[in-house]
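Read through the structure below, which is laid out as structure tokens, and then see the notes.
Laboratory data are not the source of any read-out in this text; all were calculated from the coordinates shown. Predicted model, so just to flag it, every value in this text is computed and none were measured. In this analysis, Cβ positions are derived from the backbone assuming ideal geometry, glycine residues included, and neighbour counts consider all displayed protein chains.
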Amino acid sequence: MVAAACASGQSWQKGKGYGWVFGPNDERGAINTINKPEKIAAAMRSVKTGRTYDLGVPVDRTSYKWPGHSPTEVLSYRSPEGVKRAPETNPFNGHPAGLAWHSCALFISDNVGTQIDGLGHITTGADNHWYNGYREGQYGTDFGVRKADADQIPPIVARAVLIDVAGWKGVDALPSNFAIGSKELQAALAAQKVDIELGDVVMIRTGTLRHWGASGANHAKIAEHDSAGITLEAARWLVEQKGAVLIGSDTSGLEVGSDPAMKNYPNAVHEYLLVKQGVHIGEFHNLEGLARDKVYRFVYMAATNRVRGAVAGFALRPVGID
């Protein structure tokens, strides 16, 4: 049995994965295993060329989003002309150079753009519990969740693997509802001559984001491919057999829109990863540059917005370093 030790026992076991093993107060899940100086130093030593890849997508009010989320609006809250018209609220009133400023108010979902789902994002059961048994009745509020929110995701510096399924299939982007199982993942890895190691971040390319453009405004084209993704069987293989600590893709939901093995159980991958295993999910990561240059092993770096109570780190700009 392969296992990694943690304060409360074994953090990962082959055939089981992670689970709720980091103690009753844990809010970070599997990321605990790599959020250590020696792991971060080892990841940084694996950098080869120093080339960086921007893994984030730009977002605005036109951007494609999953249907359950609110739109993005950036509103001018203070403008140079506006502040000068109200001298009583202008601390620069009478400035010899006519100094003024811009500031914005944001109306935005915490599940838009490039993001990392926090462990409080998905709930299950009659008590609406999430990772580590935190319950809505105790830790849910009108101002976000008070346990396992996105602010608990530490800055991530980790070894990562790109699995270019679209490239392996020889297509620009996978078709709607293309189900990626462990066999497809293993075949793509074999073609790339790369394997997953315990503690890796895993990013899976469907090709969807080749159609994002300046802001993701072509909703029809993006939606045509966005439902491609991994099955529950693939998620279990990645966690229980390979030890992935974060699994992401270039779609809005990572998992296949309709899992053939889970026809009456939608979003089974989200429940399994976030609730049962404490494994974070990365969504809408732009993997096109990595795939173009055939960079299948890299260092993944990301830091979420420190908005307390949010259930996902949203509108992020992660970096891949070759």
Rounded to the nearest 500, what is the chain's calculated 222 nm mean residue ellipticity when only DSSP H runs of at least 4 contribute -39500 (n - 2.57) each, over all residues? -4000 deg cm²/dmol
Give me the distance in nm between label points sitting 7 Å out from Cα along the Cα-to-Cβ direction at Arg61 and Gln241, one decimal. 4.8 nm
DSSP loop trypsin sites (Lys or Arg not before Pro) with at most 13 other Cβ within 10 Å excluded, longest remaining stretch of the chain: 62-192
With Ala158 itself left out, Lys, Arg at +1 and Asp, Glu at -1 over residues whose Cβ is under 15 Å from its Cβ give +3
Taking the Cβ of Glu197 as the center, what net charge do the other residues with Cβ under 10 Å away carry, scoring Lys and Arg +1 and Asp and Glu -1? +1
From the convex hull of the Cα coordinates of the range 95-186, what is the mean projected area in square nanometres? 12.9 nm²
Extension gain from Met44 to Ala190, taking 0.36 nm per residue of separation minus the Cα-Cα distance: 50.1 nm
Only Lys, Arg (+1) and Asp, Glu (-1) charged, at Cβ; the chain dipole about Cα centre in debye: 660 debye
Using only Cα atoms, locate the centre of the range 157-182 and the centre of the range 241-296, then give the distance between them in Å, rounded to an integer. 10 Å
Compute the relative contact order of the chain as a whole-number percentage, counting only Cα pairs closer than 8 Å that sit 6 or more residues apart in sequence. 29 percent
Estimated dipole of the range 212-322 in Debye, rounded to 20 [Cβ of Lys and Arg +1, of Asp and Glu -1, Cα centre]: 320 debye
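Summing Lys, Arg as +1 and Asp, Glu as -1, what charge do residues with Cβ under 14 Å from the Cβ of Gly320 carry, Gly320 excluded?
Working: positive: Lys48, Arg51, Arg159, Arg205, Arg292, Lys294, Arg297, Arg317; negative: Asp54, Asp164, Asp200, Asp250, Glu288, Asp293, Asp322.
Once all neighbours under 14 Å are counted, the net charge is +1.
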For the chain, the charge dipole (Cβ of Lys, Arg +1; Cβ of Asp, Glu -1; about the Cα centre) points to a positive end, and the Cα of Trp101, Tyr134, Ser70 closest to that extreme belongs to Trp101
First obtain the Kirkwood hydrodynamic radius of the range 237-276 from its Cα pairs, then insert it into the Stokes-Einstein equation at 37 °C and 0.692 mPa s, and state the resulting D in µm² per second as a whole number. 294 µm²/s
Evaluate the charge dipole of the range 130-216 about its Cα centre and quote only its size in Debye, nearest 20, assuming +1 on the Cβ of each Lys and Arg and -1 on the Cβ of each Asp and Glu. 140 debye
Using the Cα atoms as the points, what is the convex hull volume per residue of the chain in Å³? 169 Å³
quick shape note, the range 218-322: Cα extents on principal axes in Å, largest first -> 39, 33, 30
Mean separation of Cα contacts under 8 Å (6+ apart) over length of the range 5-106, as relative contact order %: 16 percent
Taking only the alpha-carbon positions of the range 164-295 as identical scatterers, the Debye log10 I(q)/I(0) at q = 0.15, 0.19, 0.20 Å⁻¹ comes out as -0.65, -1.07, -1.18
